[in-house]
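Derivation of every value follows stated rules applied to the coordinates shown; laboratory data play no part. Owing to the predicted nature of the structure, the values given are computational and were not obtained by experimental measurement. Note that we place each Cβ from the backbone using ideal geometry, even for glycine, and neighbour counts take in every protein chain shown.
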Amino acid sequence: MSSYEVRRSAVIPAAPEEIFPLVNNFHEWTAWSPWETVDPGMSRRYFGPDSGVGAGYEWSGNRKAGSGSMEIVESVPSSRINVRLEFTKPFKALNPTSFTFTPAPGGTEVSWVMTGENKGLPAKLFALFVNMDKMVGSDFQRGLASLASAVAAKKKG
């Protein structure tokens, strides 16, 4: 069984307290998530509280967007968020995902990490041809840049 980790970090020029709420509430993800524009017709359903532990989000979209759900399983204010990310299409996968917010020179270092295992034949074959770090890592980089823009917009607003 082959496991993988995708990790990207960026320093965002804002305090952890300003960035954390945009990740801790799935309603805010529309402002910065790199996947929000993949399928304009994507259906979304939120469940549980608006933010923090138990907050959840389900999506179903075209072939590119796939379908799945996310639920916050740990939320330490302005420090760390752990998300249970589960894909149901194009194939089933469970990808524990975390965000950490660490004060750094010039702002806050935000690290976005996703882990997973290539289980079953379709996933193992997919892994032979696709480098998850390259594929998802560029999305993470775009997402972190969008998160920085969303934080800047909130500061102005």
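Apply the Karplus curve 6.51 cos²θ - 1.76 cosθ + 1.60, θ = phi - 60°, to the phi angles in segment 139-155 and return the couplings in whole Hz, x for Gly and Pro.
Each residue of segment 139-155 in turn: 5, 4, 4, 4, x, 5, 5, 5, 4, 4, 5, 5, 5, 4, 5, 5, 5 Hz.
With only alpha-carbon atoms counted, please give the Rg and Dmax of segment 2-156, in Å.
Just the Cα atoms of segment 2-156 yield Rg and Dmax of 15.3, 49 Å.
With r as the distance between the Cβ atoms of K156 and S43 and R0 = 30 Å, compute the FRET efficiency 1/(1 + (r/R0)^6) and round to 0.05.
That gives a FRET efficiency of 0.45.
Mind checking the angle between helix 120-129 and the chain's longest principal axis? C-alpha axes, 0 to 90 degrees, to the nearest 10.
Value to nearest ten degrees: 70.
Over segment 2-156, calculate the relative contact order: mean separation of alpha carbon pairs under 8 Å at least 6 apart, over the residue count, as a percent. Mind showing how you got there, number by number?
Details: 312 pairs, mean separation 48.0, N = 155.
Relative contact order for segment 2-156 comes out at 31 percent.
Hey, can you rank 51-58, 87-94 by average C-beta count inside 10 Å, highest first? Show your work: numbers first, answer last.
Values: 51-58: 17.2, 87-94: 14.0.
In decreasing order of mean packing, 51-58, 87-94 become 51-58, 87-94.
For a quick size check, give me the Cα extents of segment 39-84 along its three principal axes, largest first, whole Å.
34, 17, 15
Amide H of A14 versus every other amide H placed in the peptide plane: which residues, excluding those fewer than 5 positions away on the same chain, fall under 5 Å?
Long-range HN contacts for A14: T108.
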